[in-house]
Amino acid sequence: MAAHEPLLLGIDVGTTDTKAVATTRTGRLLAIGTAATAWQTRDDGGAQIAPEALVAGVMAACADAVARALGHLPSTPVVAGVGITSIAEAGVLLDPAGRPTSTPIIAWFDPRGAAQVRALEPDFRDEFTARTGLPVSPVATFAKLLWLRAHTQVDLTGLRWLNVAEYVAYACGAEPTMEPSLASRTGLIDQDDLSAFPEALERIGAQPDLLPALVAAGTRIGTAHAEVPAWLVGASLTVAGHDHAVASLAAGATGPNDLFDSCGTAEAMLRVTEARISRAERSTLSRSNVSQGTHLLPGRRLLLGGTRGGLLLKRILAMLGAADPEARAALEAACPTGEVHLPVHVDGGRLDEQAVWVRIDGDDVAPPLVWRAALEAAADQAQVLVDAFEGVVGPAARMVAAGGWLRSASYRAVKQRRFPGVTFADIDQAGGLGAAAVAGFAAADDHASMAALPAAIDAFMAGYAEAAASS
């Protein structure tokens, strides 16, 4: 890389780690930096992190990526653009002066708020799902703010909420804004017109000014100020959006009727649509644990559901004594992937129940058959979500899968049997690459209209693939 060639940084703030991907403007991957997301765990299964600790982790990952890309950390600016994607639901409260309050960032999976949402009356629960597109659960930001109001007596008057990616951008020098795909996960937005949901704000004692102005992903919302490291100063800043949606674009699921399957520990299924979703349809979807939100691409919506299929598979591997690579490879080699009678049944590991059950229906049950049964169970859970999607918006035009479980040949084979026509995107760090692509769009001097964002992402990822193939 030429010394003067500017970098793009795609930041992916995840549940376990923060990743920073350094690329050229044309999509060539230069380096990946990582830092643990330093949650403080709680006895109740929850977790939290101080805003300054979150930003410190982000800066550490970025420094790691830049140093790896250049061989050192320069004392002059080298980053042209930064795009940030992140987990949703978690975020930061800012005081009237724009400083973070003493309230920590509560993790999306934290159970705090469960008692408060259980106490909501039935009419409001129905209205909540119909208006926000989210199931009533402790996951949404709304539930976390309900808990804070009940347990800390926080007064939200005059405060402002930023989701994680938005806060990272703000801490680097951006204006306080709210990106639509992240806003959709708060439970504070009416999906009909993306306006504030007054009844939800009233429940938490907040006014509409709790929420900053909505600004589309890929919009330049500021430049990195002098309080960040020298190599980052002056970089264009943008929020790329919700991590699942951003990863789907990097994997190639950019069509208006695509289905993206993120095959990780928590398997996420994301269906893109241009159809309007009615309030009644949102309520129907929520009963299948499917949420409806706004895509980061203009004019598109998404249906999002998740399973613990990856967790189920990890537990079965441990039970079979195949957690280490050598034993797992042997199990993979012996696993039948064609038509086979399974005298064993695996179930469980769902979102609302983490227990896993194995039922043996015959005498000739060897570990490879148990593994195949587990793969079928994970596919069953994914099928439930696909059926829920199709019941509202019809079949997808195509299905794209990506993620760590695709390194398993037997997993791929079962996925193909269950979903004929699925294509596999063999791409690592899809979230970070997608964020870098959005960063390049926002940083361009001839910044195009938002309608050009899908084509810009496709061109960036084509450059990535070409460079990877030639390396």
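Observations, loosely collected:
- If you go through the range 136-155 and pick out every residue that is part of a loop (DSSP other than H, G, I, E, B) and in contact with a strand residue (DSSP E or B) (Cβ under 7 Å, 6 or more places away or on another chain), you end up with 0.
- Scanning the range 156-168 for residues that are aliphatic (A, V, I, L, M), in contact with a Gly (Cβ under 7 Å, 6 or more places away or on another chain) and not in a strand (DSSP E or B) yields 156, 164.
- Search result, residues across the range 87-132 that are in a helix (DSSP H, G or I), touching a strand residue (DSSP E or B) at 6+ places or on another chain (Cβ under 8 Å) and among the basic types (Lys, Arg): 131
- Being of a type in the set (D, E, K, R) and over 30 Å from residue 277 (Cα atoms) holds for only one residue in 364, 387, and it is 364.
- When 54, 8 are screened for being touching a residue at least 40 places away in the same chain (Cβ under 8 Å), within 19 Å of the chain's Cα centre (by Cα) and crowded, with 17+ Cβ neighbours inside 10 Å, only 54 passes.
- One residue stands out among those in the range 253-306 that are among the hydroxyl-bearing types (Ser, Thr, Tyr) and surrounded by fewer than 24 Cβ atoms within 10 Å (Cβ to Cβ): the one that is nearest to residue 454 (Cα to Cα), which is 254.
- Residue list for the range 149-183, filter: within 20 Å of residue 54 (Cβ to Cβ), modelled with pLDDT under 95 and out of contact with any helix residue (DSSP H, G or I) (no Cβ under 6 Å at 6 or more places or on another chain): 152
- Residue count for the range 429-458 under the criterion of being touching a residue at least 40 places away in the same chain (Cβ under 8 Å) and surrounded by fewer than 16 Cβ atoms within 10 Å (Cβ to Cβ): the result is 3.
- Residue tally, condition within 12 Å of residue 309 (Cα to Cα) and part of a strand (DSSP E or B), over the range 369-401: 0
- Selection within the range 309-358: residues that are within 11 Å of residue 369 (Cα to Cα) and β-branched (Val, Ile, Thr). The member of this set that is surrounded by the fewest Cβ atoms within 10 Å (Cβ to Cβ) is 340.
- Odd one out for residue 145 among (1) under 17 Å from residue 289 (Cα atoms); (2) buried (at least 24 other Cβ atoms within 10 Å of the Cβ); (3) not acidic (Asp, Glu): (1)
- Hey, residue 96 touching a Gly at 6+ places or on another chain (Cβ under 6 Å), over 16 Å from residue 169 (Cβ atoms), in the same structural domain as residue 231 (by TED's automatic domain parsing) and surrounded by fewer than 17 Cβ atoms within 10 Å (Cβ to Cβ) or not: yes
- Scan of the range 14-31 for residues that are over 14 Å from residue 64 (Cβ atoms), among the β-branched types (Val, Ile, Thr) and in contact with an Asp or Glu (Cβ under 8 Å, 6 or more places away or on another chain), ordered by number: 24
- Candidate set from the range 70-86 (those that are of a type outside the set (Val, Ile, Thr) and not in a strand (DSSP E or B)); member that is nearest to residue 175 (Cα to Cα): 77
- Residue 361 vs. criteria of a type in the set (D, E, K, R) and either touching a Leu at 6+ places or on another chain (Cβ under 9 Å) or touching a residue at least 40 places away in the same chain (Cβ under 8 Å) (or both): yes
- Residue 143 being at pLDDT 95 or above, under 28 Å from residue 11 (Cα atoms) and out of contact with any Phe, Trp or Tyr (no Cβ under 8 Å at 6 or more places or on another chain): yes
- Any chance residue 113 is in the same structural domain as residue 39 (by TED's automatic domain parsing), in contact with a Gly (Cβ under 8 Å, 6 or more places away or on another chain), crowded, with 22+ Cβ neighbours inside 10 Å and farther than 30 Å from residue 20 by Cβ: no
The values are calculated or read from the model by the stated rules, or taken from the named source; none is laboratory data. It should be emphasised that the depicted structure is a prediction, and the values quoted were computed from it without experimental measurement. Because the Cβ atoms are built from the backbone with ideal geometry, glycine has one as well, and the counts that use them run over all protein chains shown.
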